[in-house]
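I have placed the structure first, in the form of C-alpha cells, so that the comments after it can refer back to it.
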Amino acid sequence: MSAATTRSRTPDRLCAEAVDLARTAAEEAAAPGVVGEHVGLVSEGDRVVTHYFECKEFGYRGWRWAVTVARASRAKLVTLNETVLLPGPESLLAPEWVPWSERLRPGDMGPGDLLPTDAEDLRLEPGFSGEDEPAPNSAVSQDMAELVEAEDAEVTAGTPAHLPFAPRRGSIAAVAEELGLRRARVLSRYGLHVAADRWEESYGPKTAMAQAAPASCVSCGFLNPIGGSLGQAFGVCANEFSPADGRVVSLSYGCGGHSEAAVMPKPPRPAPPVIDETRVDPFPLRPSPDSGSVSLTPDETAAELGHS
C-alpha cells in the first residue's frame, strides 16, 4: 500500500477538527433548527473531509447534511468546499422512477384520461394510406374511378384516411370506410395474438368456471358471434346471469348459465353408501352347529359302516 493511499484514508487533523465551520455552512443552507447532531466524518482524499450532521426536517428521516471541507497543501486555513443533503443508510427514499407507459395497467384509465399510442406499437400496423398503387379492380384505383365517373357516381378526392368529414354515400371513400380502410392503423398479427391470449386467459377453457360447466359456449344460444378472424375462436356472451355477460369469451369457455343446461342429461352417480351405526353385527369366534353341510342327526346306517 502506497503512502498516498494511507494518507487519503486517514482524515486530515485540521479538516476533522473543523466541525464548527461545517455546522455553520449547513445551517446557512438549511432552515433554522433543521441541522442536528454531528454524526461522523469521512476522509474523501488528501486534506479533504466530509462532515455529516443529522437532519431533523419532517419527511427526511435518516437523511444527513454533508459538508465537505478542504485544506491546501502546507496551509493551516480550512475552507468550505460544498454543502448538500444526502440520504443515509436508513433514510426514507422514493421508489425508483418508472415511465408512465410501464406503470399503466388495464383499468387505470378514467373519464377524461388520454392514452397516446406509440408510433412503433407492435400491436398496430398501417392501414390504407393511398400511397401505394391500388390493384386495378380496387375500389380506389384509377380505372374504377373512371368507371364510376362514366356511371355518374361521385369520387371523393384525397385518401380516405385524411378526410375531415364522413364521406357521402356512393363515394369511393364511403366504400373504403365500410371496408375499414379509413383507419390510419389496424391491428397487426401480433396485436391479434396478444388480444386472443388475454381473452382466453380470462374466459377460456382453463378457468375454474369452464372446468365445472356442463357444456362449452360453442353450443350455447346466448353466444353472439363476432366478425373477423377472431370470430373463429371467440364470441360475446349475452346472458345477463352469466359471469361473462358482455365479455368476449372463448368458444371453449362455459358456465352454469348454458342455454341447454336444463335439458342436458346428467351423468348417473352411484348412491352413497349407507352405514347403520345403531346396530352391532355379531361375529362369532366359532361357526354355529347348523352352519355346516353335514347333518348332526344320528344315522344308524352310517354308524354301522363307520364314519370318517
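The values are calculated or read from the model by the stated rules, or taken from the named source; none is laboratory data. Computed from a predicted structure; not experimentally measured. Here the Cβ positions follow ideal geometry from the backbone for every residue, glycine too, while neighbour counts run over all protein chains shown.
Output the residues belonging to region 120-150 that are out of contact with any helix residue (DSSP H, G or I) (no Cβ under 8 Å at 6 or more places or on another chain), at pLDDT below 75 and surrounded by fewer than 10 Cβ atoms within 10 Å (Cβ to Cβ).
Glu131, Asp132, Glu133, Ala150
Looking at the structure I just gave you, is Lys56 charged (D, E, K, R) and in contact with a strand residue (DSSP E or B) (Cβ under 7 Å, 6 or more places away or on another chain)?
Against the criterion (charged (D, E, K, R) and in contact with a strand residue (DSSP E or B) (Cβ under 7 Å, 6 or more places away or on another chain)), Lys56 qualifies.
So which pairs qualify, if the first residue must be in region 86-112 and over 30 Å from Lys56 (Cβ atoms), the second must be outside any helix (DSSP H, G or I), the Cβ gap must be under 8 Å, and the two must be at least 6 apart or on different chains?
Final answer for the pair search is Ser101/Asp118; Leu104/Leu115; Met109/Leu115.
Being of a type in the set (Phe, Trp, Tyr) and in contact with a helix residue (DSSP H, G or I) (Cβ under 7 Å, 6 or more places away or on another chain) is the requirement here; does Phe53 meet it?
yes
Within region 107-126, track down each residue that is of a type in the set (Asp, Glu) and part of a loop (DSSP other than H, G, I, E, B).
Scanning region 107-126 gives Asp108, Asp113, Asp118, Glu120, Asp121.
How many residues does region 192-216 hold that are over 26 Å from the mean Cα position of the chain (by Cα) and either under 30 Å from Asp121 (Cβ atoms) or modelled with pLDDT of 90 or more (or both)?
1
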